[in-house]
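A short worksheet on the structure shown next.
The values are calculated or read from the model by the stated rules, or taken from the named source; none is laboratory data. These numbers come from a predicted model, not from an experiment. Reconstructed Cβ throughout: ideal geometry from the backbone, glycine too, with neighbour counts over all protein chains shown.
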Amino acid sequence: MRALVLRQLTKTYKNGIKALKGIDLEVERGDFFALLGPNGAGKTTAIGIVTSLVTKTSGVVEVFGHDIDRELEIAKSCIGVVPQEANFNQFESVQTIVVNQAGFYGIPRHVAKQRAEVYLKQLQLWDRRRSIARSLSGGMKRRLMIARALMHQPELLILDEPTAGVDIEVRRSMWEFLRLINGEGTTIILTTHYLEEAENLCRNVAIIDGGRIIERDSMANVLRKLQAETFVLNLREARTAVPRLEGFRAVLADDHTLEVEVSRGQSLNRVFAQLSEQGIEIDSMRNKVNRLEELFVRLVDSRGRAGAAEALT
Amino acid sequence: MTAPAGRAAARWIGFRTTLIREFGRIVRIWGQTLLPPAVTSTLYFVIFGSLIGRRVGQVGGHDYMQFIAPGLIMMSVIQNSYGNVVSSFFGAKFGKYLEELLVAPLPNWLIVLGYALGGVIRGFMVGTVVTIVSLFFTRLGVLHPVLIVSAAFLTSFVFALGGFINAMLAKNFDQISWFPTFILTPLTYLGGVFYSIRMLPPWALDASHANPILYMVSAFRYGFLGTADVDLRLAYAIMVIAAVGMFSLAVVLMNRGVGIRD
Ligand SMILES: Nc1ncnc2c1ncn2[C@@H]1O[C@H](COP(=O)(O)OP(=O)(O)OP(=O)(O)O)[C@@H](O)[C@H]1O
Ligand SMILES: [Mg+2]
């Protein structure tokens with residue numbers, strides 16, 4: 001059983017922007033899944049469609065097998081969502097917000113009050129339960145929205161940049177908490193601009209750019225790709241066949257250009273040694289930025305220094 | 001997954017929660033919701049009832065004060081039912097916390113009903129306040145309690161839905177005052193709150209019959225005084241049709257996501 005299936009999902013906003021251009025995605029039950037992509041890639045739009053906040057233009061969405069066009073209420077009851085931007089009444093108290101939200105999902109009030117205590121304590125908000133939401137700090141507001149999303153104990157939790165603007169200590173405690181509930185069986189999908197976050201938490205990843213999925217793999221594989229660097233070597237003399245390079249993947253981009261993929265830990269000397277043996281001379285060399293790196297570089301640009309440091313480590 | 005019985009129970013809890021939330025809002029900001037009508041209605045009673053009313057004499061066989069009391073109660077019910085929903089729903093839309101309801105497994109008609117009845121609760125709370133104020137100035141007998149409550153309920157429901165629809169269509173704060181300024185207030189003032197339409201010249205009397213508020217106020221007044229400017233059966237037919245029509249329109253707009261879903 002898949003927690004989420006998207007088939008040929010498209011979205012064109014009224015202003016003509018094509019935010020999603022046909023997305024196919026499957027997320028297994030129990031998975032911890034990252035949806036990565038630069039600003040404006042379409043992550044929030046996709047989440048909005050799954051959670052009924054945005055109307056899709058075409059395509060199919062299934063939540064635990066329930067098509068949102070036919071079984072919307074059941075599909076909705078399976079999902080808890082933590083949005084990118086605060087969307088609670090700033091003048092209501094923390095406790096009122098979470099208890100009422102449970103009510104909207106049909107949880108009886110006395111049960112809701114017990115759960116509120118559990119989740120607000122777990123997210124270190126119990127002491128602030130009577131505070132007006134407006135008076136909370138940014139990090140507390142995010143935790144409030146996590147508590148709120150859990151009140152009906154959804155099988156699928158979707159978090160849109162849950163740790164944006166949250167300090168490193170709180171971020172780590174949030175990670176621990178998310179790992180805990182994923183361990184208890186909740187499927188989690190999150191979007192993030194921090195590579196470190198996805199690396200730490202997620203087993204599988206999809207990368208979305210310009211409204212299309214450009215990568216869908218296990219986190220381990222994606223990291224492997226990321227850690228392999230491609231070098232572009234300019235050859236002095238034209239060649240028609242790829243030279244033999246044991247231990248490396250190499251392709252000829254054109255007759256003067258050889259591209260060699262070098263994983264971390266492999267020595268470049270071995271490339272040069274093998275090429276010299278075959279009498280091949282190299283004029284110059286540069287780094288080729290692969291698609292994924294390019295993407296992350298863009299991610300980094302959009303998130304400033306803090307993100308940059310993490311993405312590069 | 002959820003059995004139909006379980007679904008019905010869940011919907012009921014969800015619906016009750018929307019009412020609890022609306023009631024909580026009315027009480028939390030009582031200085032904006034309950035106090036102003038008490039103040040303005042006192043002023044109306046002092047100025048129109050005591051000062052001017054004494055010179056007016058009898059209207060439709062009653063003291064002027066007695067005549068306008070039901071009208072003033074109804075006017076505040078209309079304004080507050082409308083005002084409650086327009087500001088609560090627009091606030092939720094503007095502050096984005098409407099999303100709390102949109103992501104929840106509640107059908108649209110139940111969301112509309114929740115907000116509309118929230119407006120009715122405010123209308124009845126304010127109506128009670130104004131009734132109490134009126135008792136300081138005049139004596140009000142209750143001749144037909146069922147008529148009083150049913151006319152107030154239907155009217156309140158209709159204008160609460162008017163507030164809902166206005167809030168859905170409004171793109172900014174200016175636009176939530178269009179309907180009250182250009183439609184609601186004129187129709188209320190011309191709807192026989194302060195005078196009997198029998199006092200009007202023939203053309204104005206005829207024109208008044210196109211005003212739905214006339215029927216609402218008349219039916220409500222009949223419950224207290226036993227006299228009405230219009231046929232009661234027609235009045236109820238109009239109120240029920242307006243209620244059903246407004247409710248359907250609100251649900252259609254919700255289903256289309258007008259102004260709330262991109
Ligand atoms: N309500 C809207 N109306 C019109 N266009 C929109 C709307 N919301 C988003 N868009 C556009 O759709 C595209 C995708 O936006 P979306 O918010 O889904 O991106 P994102 O991946 O969540 O980005 P970020 O990382 O910045 O949150 C963008 O070009 C954006 O300008
Ligand atoms: Mg986003």
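Observations on the model:
- Test result for residue A:75, of a type in the set (A, V, I, L, M, F, W, C), away from ligand 1 (no atom under 16 Å from the Cβ) and without any contact (Cβ under 8 Å) to a residue 24 or more places away in the chain: yes
- Qualifying residue in the stretch B:93-112 (condition: more than 14 Å from chain A (Cβ to nearest Cβ), part of a helix (DSSP H, G or I) and in contact with a helix residue (DSSP H, G or I) (Cβ under 6 Å, 6 or more places away or on another chain)): yes
- Residue list for the stretch A:138-181, restricted to those being within 14 Å of chain B (Cβ to nearest Cβ) and within 16 Å of ligand 1 (Cβ to nearest atom): A:145, A:158, A:159, A:160
- Residue A:59 being modelled with pLDDT of 95 or more, more than 14 Å from chain B (Cβ to nearest Cβ) and in a strand (DSSP E or B): yes
So that you can scan it fast, the table gives a plain yes or no per residue for (1) of a type in the set (Ser, Thr, Tyr); (2) free of Cβ contacts under 8 Å to residues at least 12 places away in the same chain:
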position: A:90; (1), (2): no, no
position: A:97; (1), (2): no, no
position: A:118; (1), (2): no, yes
position: A:124; (1), (2): no, no
position: A:128; (1), (2): no, no
position: A:134; (1), (2): no, no
position: A:137; (1), (2): yes, yes
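- Annotation: of all residues in the stretch A:11-28 being away from ligand 2 (no atom under 16 Å from the Cβ) and among the small types (Gly, Ala, Ser), the one that is surrounded by the fewest Cβ atoms within 10 Å (Cβ to Cβ) is A:16.
- Scanning the stretch A:74-94 for residues that are more than 13 Å from ligand 2 (Cβ to nearest atom), closer than 17 Å to residue A:106 by Cβ and not in a loop (DSSP other than H, G, I, E, B) gives A:74, A:75, A:76, A:77, A:79, A:80.
- Remark: residue A:190 falls outside the filter, which requires a residue to be more than 16 Å from ligand 1 (Cβ to nearest atom), buried (at least 16 other Cβ atoms within 10 Å of the Cβ) and in contact (Cβ under 8 Å) with a residue 12 or more places away in the chain.
- Residue check for residue A:47: away from ligand 1 (no atom under 16 Å from the Cβ), crowded, with 22+ Cβ neighbours inside 10 Å and not in a strand (DSSP E or B): no
- Taking the criterion of being more than 20 Å from residue A:18 (Cβ to Cβ) and within 14 Å of ligand 1 (Cβ to nearest atom), the residues of the stretch A:196-216 that qualify are A:197, A:198.
- Within the stretch A:159-184, residues that are in the same structural domain as residue A:34 (by TED's automatic domain parsing) and modelled with pLDDT of 95 or more have Cβ atoms under 6 Å from residues that are within 16 Å of ligand 2 (Cβ to nearest atom) and not acidic (Asp, Glu) in these pairs: A:159/A:82; A:159/A:190; A:160/A:44; A:160/A:47; A:160/A:83; A:160/A:84; A:160/A:191, counting only partners at least 6 apart in sequence or on another chain.
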